[in-house]
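I have placed the structure first, in the form of structure tokens, so that the comments after it can refer back to it.
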Amino acid sequence: MSSTPLLQPRSLKPVSSSSDRAGYQVYMETFGCQMNEYDTELVRSIMKARGFQFTPVDEEADVILFNTCAIRENAHNRLYGHLARYKARKKERGLVIGVLGCMAQNLKQELLETRSWIDVLVGPDAYRRLPDLLTDALEHQRRGLAVDLSEFETYAQIVPDRNGGVNGWIAVMRGCDNFCSFCVVPYTRGRERSRDPESILEEAQRLASHGVRQITLLGQNVNSYRSGEWDFARLLVRVADVPGIQRIRFTSPHPKDFPPALLEAVAQHPIICNQIHLPLQSANDRMLERMGRGYTRREYLNLVDAIQKKGPIVLTTDLICGFCGETDAEFQETYDLMKELEYQAAFVFKYSERKHTIAARKYPDDISEQVKGNRTNQLIEFQKEISLKHNQALIGTEVDVLIEGNAKKSDQQWMGHTEHNVTVVWPKESSTHLLGDLVSVSIQDATPSTLYGMPHSHK
Ligand code: SAH
Ligand code: SF4
Ligand code: F3S
């Protein structure tokens, strides 16, 4: 860690000092993946233990924290937009601004040097240091930087501070050793390390006792999970056996080393959802080689074959368009494979060069923005057609749905997901169903993203 004097010294008292609230008030926003959402729960827990309080109202806050993502350039730009808002407010009445997470780790000193109003920068492995750094900034106007990556930190003993709800997630491992050439994650989250299974099972039991009905196990490549005799398949089954849990999901398994035991667990265990996120990225062998993904188109297809032989397991995927040197014909191979595999859902991204990555060092980012954009839109539109086709096939059938909350558009409607992770919306009407119930819904209508229906019967 290094502490340097603040560029604009000013004195700060807690906003709360004149009221009956004790401690400093913190407002926090989270960007990025589920792992970052989970980390925000850890950060809240670490800070509350030291007397900080959290407020949903930014005007009330002494401290503004951003938990950031660095995966693509637009993630950066979004943060800069948000930071600008608080820069002005900070001038009016001192505020401490902290940037956490992947972008803090990735840009480090550079961010402190070019953004004088950022007081504290803390990377994903250094959250235990955050309370001290913030206190230093609040009370001694010192800037703080903590971006050491750790080979051991798993935050295993920290109980995440959740916002409630029937969905819970647990990070079972941190970091990534795969170094796919396009990806910044190995640099922002460091080396792979697995959390001990006992602490994971304890957390699953605690979640169940707090009303969580669906748990998602998180890791950048869950296939790499190892702790003594434990591998990921064994862990998954044990979490699925925790009483009270109705559904288990996991993300992501890497196609290069998908273990047969994991497939067996998905196929056999009734609680483990029959949906696998299997990021393809590209279906062209030259692109896959350049991306350093560790599998060929044929190997990926063999894995899909093995999965489909096990029964009705649906696949979702991630795709990157316009990676270095991608020709029209190479892009077409990805399009054609999408047509063949008909994923339930696909997340399609425009390639965004990230500093320090292997691709940034080795290959020119030579596909124009326009071509990248066209290819991306083409795949997004195509996937919409495919998803619509899957969803329309469900009209007239009944699906089991976990009630997860009110629909976005109306509190007179429930929202939940099918086992295959498709959103379902239906009227509450006079039914006695409650949040967390698994109910049967008769499907009457479908869009590419949502199924609409009527409640059928209790489960
Ligand atoms: N560990 C996960 C992926 C995490 S990042 C896995 O391997 O499955 C989520 C997705 O973001 C990736 O699958 C990839 O499709 C996309 N992505 C990562 N880096 C990117 C980049 N530089 N440009 C565009 N998309 C990227
Ligand atoms: Fe990135 Fe590849 Fe690791 Fe996923 S497996 S986080 S894409 S380096
Ligand atoms: Fe997640 Fe973004 Fe970091 S996707 S791991 S928060 S770079």
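Annotations for the structure displayed:
- So Ser252, is it away from ligand 1 (no atom under 16 Å from the Cβ), of a type in the set (Gly, Ala, Ser) and either surrounded by fewer than 16 Cβ atoms within 10 Å (Cβ to Cβ) or touching a residue at least 12 places away in the same chain (Cβ under 8 Å) (or both): no
- Criterion (under 24 Å from the mean Cα position of the chain (by Cα), of a type outside the set (Phe, Trp, Tyr) and open to solvent by 60 Å² or more (accessible area, probe 1.4 Å)) met by exactly one of Lys362, Lys355: Lys355
- Glu330 under 18 Å from His277 (Cβ atoms), surrounded by fewer than 20 Cβ atoms within 10 Å (Cβ to Cβ) and away from ligand 3 (no atom under 16 Å from the Cβ): no
Per-residue answers, yes or no, for (1) more than 21 Å from the chain's Cα centre (by Cα); (2) closer than 21 Å to Glu404 by Cβ; (3) surrounded by fewer than 21 Cβ atoms within 10 Å (Cβ to Cβ); (4) away from ligand 2 (no atom under 16 Å from the Cβ):
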residue: Val222; (1), (2), (3), (4): no, no, no, no
residue: Arg234; (1), (2), (3), (4): yes, no, yes, yes
residue: Val239; (1), (2), (3), (4): no, yes, no, yes
residue: Arg247; (1), (2), (3), (4): no, yes, no, yes
residue: Pro260; (1), (2), (3), (4): yes, no, yes, yes
residue: Ile271; (1), (2), (3), (4): yes, yes, yes, yes
residue: Gln275; (1), (2), (3), (4): no, yes, no, yes
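- Any chance Leu149 is open to solvent by less than 40 Å² (accessible area, probe 1.4 Å) and either over 30 Å from Asp257 (Cα atoms) or part of a loop (DSSP other than H, G, I, E, B) (or both): no
- Unique residue being in a strand (DSSP E or B) and not β-branched (Val, Ile, Thr) when the list is His433, His456: His456
Results for (1) over 16 Å from Thr40 (Cα atoms); (2) among the aliphatic types (A, V, I, L, M); (3) open to solvent by 50 Å² or more (accessible area, probe 1.4 Å), shown as yes or no for each residue.
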residue: Asn163; (1), (2), (3): no, no, yes
residue: Val172; (1), (2), (3): no, yes, no
residue: Arg191; (1), (2), (3): yes, no, yes
residue: Ser194; (1), (2), (3): yes, no, no
residue: Pro197; (1), (2), (3): yes, no, no
residue: Leu207; (1), (2), (3): yes, yes, no
residue: Gly211; (1), (2), (3): yes, no, no
residue: Leu218; (1), (2), (3): no, yes, no
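- Among the candidates Met103, Met28, residue that is in contact with a Ser or Thr (Cβ under 6 Å, 6 or more places away or on another chain), of a type in the set (A, V, I, L, M, F, W, C) and within 16 Å of ligand 3 (Cβ to nearest atom): Met103
The values are calculated or read from the model by the stated rules, or taken from the named source; none is laboratory data. Note that this is a predicted model, so its numbers are computed, not measured. Cβ atoms come from the backbone with ideal geometry, glycine included; neighbour counts cover every protein chain shown. These accessible areas exclude ligands, DNA and RNA; they are computed on the full protein's heavy atoms, side chains included. Shrake-Rupley method; radii C 1.70, N 1.55, O 1.52, S 1.80 Å.
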